[in-house]
Structures are given as C-alpha cells and as structure tokens.
Amino acid sequence: MTEASITATPLPDIQSTGDGRKVAINKVGVTNVRYPISLRTPGKGKGNEFIHTVATINMFVSLPHDVKGTHMSRFLEVLNEYHEELSSDALPLVANRMKEKLESQDAYLELSFPYFVDKTAPVSGQSGKLDFDVAFELASNGTDDFVMTLKIPATSLCPCSKEISDYGAHNQRCDMTVKVRMAEGVHLWIEELFGIVEQCASTQVFSVLKRPDEKWVTERAYENPKFVEDIVRDLAVALNNDDRIVWYQCSSENYESIHNHNAYAFIECDKREQ
C-alpha cells in the first residue's frame, strides 16, 4: 500500500463513537508534558521582557457521557500554537482554544516550572540567580478561575532557642508556599509576589555570598527570630494588605536542624467573605 493510498483511505475515528455507560468524565487529557515556554515579565526598559524555561504541563477537558474518548493529540496541537508566550493572562486564551478544538464545555490547565530571579548579595553586591518553583492553574468551566503558586526558600531562626541559650541560636531552612487568586482584571507579576513573600522569613537566601554577606545574613536572622507560626502570620498580614489578592493559602515548612522532623503551619483566607 502506497503512502498516497493510505492518506486517501478514511481511518476510523474510534474516539468519537458513542458510549452506552452514561458516565461523564470530569477531566481527561495529558499529563507530565515537558515543554519549553516563554514567560512575559515586567521589562526594565520599554515594554515587556521574556524569560525562557521548561514547564511540566497537564491539560484536561471534560467529556460527555455519550462520547467514548477525547482526541489526545489535539492538546499538543493547542500547546504548539501558544508556547511562544505564556503568562497568567494568556491562559484563558489557551483554555478557550482547548474547548473549541476538543469540543468540550470545560478546560483545565496546570503548569509548573522553575523560575529564576536576580539576587544581589547584601554587602558585596555580588549578583547571582536564585531559583524557586512556580505553578499556574486555570479552570475554565463557566468562569475562569486562575491560581498562582510560589514556593520560595528562606531562613528561619528559633526565638525560643535564642531566648534560652547563653550564646547562639539554631536556625533552619524553610520553604514558604503561597497560593493566590487575584481580583478580576488585576495582574500580579511573579516577581512582585516573590518580593512580598521572602520578606516574611527571618532572612532571605542568596545564591552568592562572600564573607561580609554571610556575616550580614547570619546576624540578620539572629536579630529577626521567627517561629513557623510567626512566618505564616506575617505572610497572612502581607497578603491581607494587598488589595490585588482576594484569596490565598500560605504555609511554611521549616526543616529543623536539631530535630529529625519538620515544623509546619498553614493559613487560608477568602477576603471576599470578610
């Protein structure tokens, strides 16, 4: 059989055939798609700038009870159309295209990726890249519900240890995780939320530290001791004070240096219900 005859011969479309079990599927699609993306960021000069990273992407639609299957290849076709620029305000366009191409009422997008910011050491001014984890989630099912998540490393120092010790105090690395929903029509850059969150720990972490910087970081943490409860409460206060944010979850997991377990605290708040 020649290539031309194969192309001319209609192939059966099993996915589009009926299904008699009468069970609708909430989400069906593709997961763990590793894909290069470009993210729009606030420009330092004119207009916007872009950073390039690799995302792990999940894409889903709902499936009616009377349709046997979805067309998996179409998810990647949609992704190929939009990969050159992905930002939080572009995700509804992707979701609408998914619904159109896959003939569905609902679409769901999940992107997780490493993000890098330039951090300058506090004394020496040495510059370096600090990485942290970011996730975008969009549910488009009548309305568009967008959630942005940042997981940011920092340092905490124990107030109790400082108070009871003749000298020194134990400290630990911590991961602060914040999920936010923004007010309608409002945009919050990744860098802006990062700046809010990292100020809530005992001190920041940096990729490059010379000895004067290390002295500054050590003393800064000692002067600003915080329990895990202090960190999440300070996060909550900062997020409450930002009118762009209407809902949030914030948590901190502190990796204890003198225990073989971690400390954890969590707060959730819907400001629309207050």
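Entry remark, segment 95-118: residues being touching a residue at least 24 places away in the same chain (Cβ under 8 Å) and either part of a helix (DSSP H, G or I) or over 23 Å from the mean Cα position of the chain (by Cα) (or both) number 8 in total. The residues of segment 119-174 that are in a loop (DSSP other than H, G, I, E, B), closer than 26 Å to W216 by Cα and small (G, A, S), listed by number, are A121, S124, G125, S165, G168, A169. The numbered conditions (1) modelled with pLDDT of 95 or more; (2) at positive phi are all true for G47 except (1).
If you check I258 against the conditions, is it of a type in the set (V, I, T), in contact with a Cys (Cβ under 7 Å, 6 or more places away or on another chain), touching a residue at least 40 places away in the same chain (Cβ under 8 Å) and over 29 Å from A90 (Cβ atoms)? Here the answer is no, as I258 does not meet what is asked.
Results for (1) modelled with pLDDT under 95; (2) part of a helix (DSSP H, G or I); (3) hydroxyl-bearing (S, T, Y); (4) under 26 Å from T53 (Cα atoms), shown as yes or no for each residue.
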{"residue": "R181", "(1), (2), (3), (4)": "no, no, no, yes"}
{"residue": "L188", "(1), (2), (3), (4)": "yes, no, no, yes"}
{"residue": "F194", "(1), (2), (3), (4)": "no, yes, no, yes"}
{"residue": "I231", "(1), (2), (3), (4)": "no, yes, no, no"}
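State whether one or more residues within segment 145-162 are over 18 Å from N254 (Cα atoms) and over 17 Å from the mean Cα position of the chain (by Cα). Checking segment 145-162: not a single residue is over 18 Å from N254 (Cα atoms) and over 17 Å from the mean Cα position of the chain (by Cα).
Take V23 and tell me if it is modelled with pLDDT of 95 or more and within 24 Å of G142 (Cβ to Cβ). Spelling it out, it is not the case that V23 is modelled with pLDDT of 95 or more and within 24 Å of G142 (Cβ to Cβ). Restricting attention to segment 126-173, the residues that are of a type in the set (G, A, S) and surrounded by 15 or more Cβ atoms within 10 Å (Cβ to Cβ) add up to 7.
Of the residues V186, V123, the single one that is surrounded by fewer than 17 Cβ atoms within 10 Å (Cβ to Cβ), closer than 30 Å to M59 by Cα, over 15 Å from the mean Cα position of the chain (by Cα) and touching a residue at least 12 places away in the same chain (Cβ under 8 Å) is V186.
Within segment 208-231, the set of residues being aliphatic (A, V, I, L, M), over 17 Å from C160 (Cβ atoms) and crowded, with 18+ Cβ neighbours inside 10 Å comprises L209, V217.
Evaluated against (1) in contact (Cβ under 8 Å) with a residue 60 or more places away in the chain; (2) more than 16 Å from L193 (Cα to Cα); (3) not in a loop (DSSP other than H, G, I, E, B), E214 falls short on exactly one condition, (1). Scan segment 84-103 residue by residue and report those that are of a type in the set (D, E) and modelled with pLDDT of 90 or more. Selection gives E100, E103.
Just for segment 20-34: of the residues that are in a strand (DSSP E or B) and of a type in the set (K, R), which one is farthest from M98 (Cα to Cα)? Full working, then the answer.
From segment 20-34, those in a strand (DSSP E or B) are 25-34; that's our starting set.
Add one more test, that the residue is of a type in the set (K, R), and what stays is 27, 34.
On the way: K27: 13, R34: 18 Å.
For segment 20-34, the residue satisfying everything is R34.
Restricting attention to segment 232-245, the residues being more than 22 Å from A265 (Cβ to Cβ) and buried (at least 18 other Cβ atoms within 10 Å of the Cβ) number 0.
One residue alone among P114, P36 is touching a strand residue (DSSP E or B) at 6+ places or on another chain (Cβ under 6 Å), under 18 Å from E191 (Cβ atoms) and modelled with pLDDT of 85 or more, and that residue is P114.
The values are calculated or read from the model by the stated rules, or taken from the named source; none is laboratory data. Not measured: the values here are computed from a predicted model. As a convention, Cβ positions derive from the backbone with ideal geometry for all residues, glycine included, and neighbour counts pool all protein chains shown.
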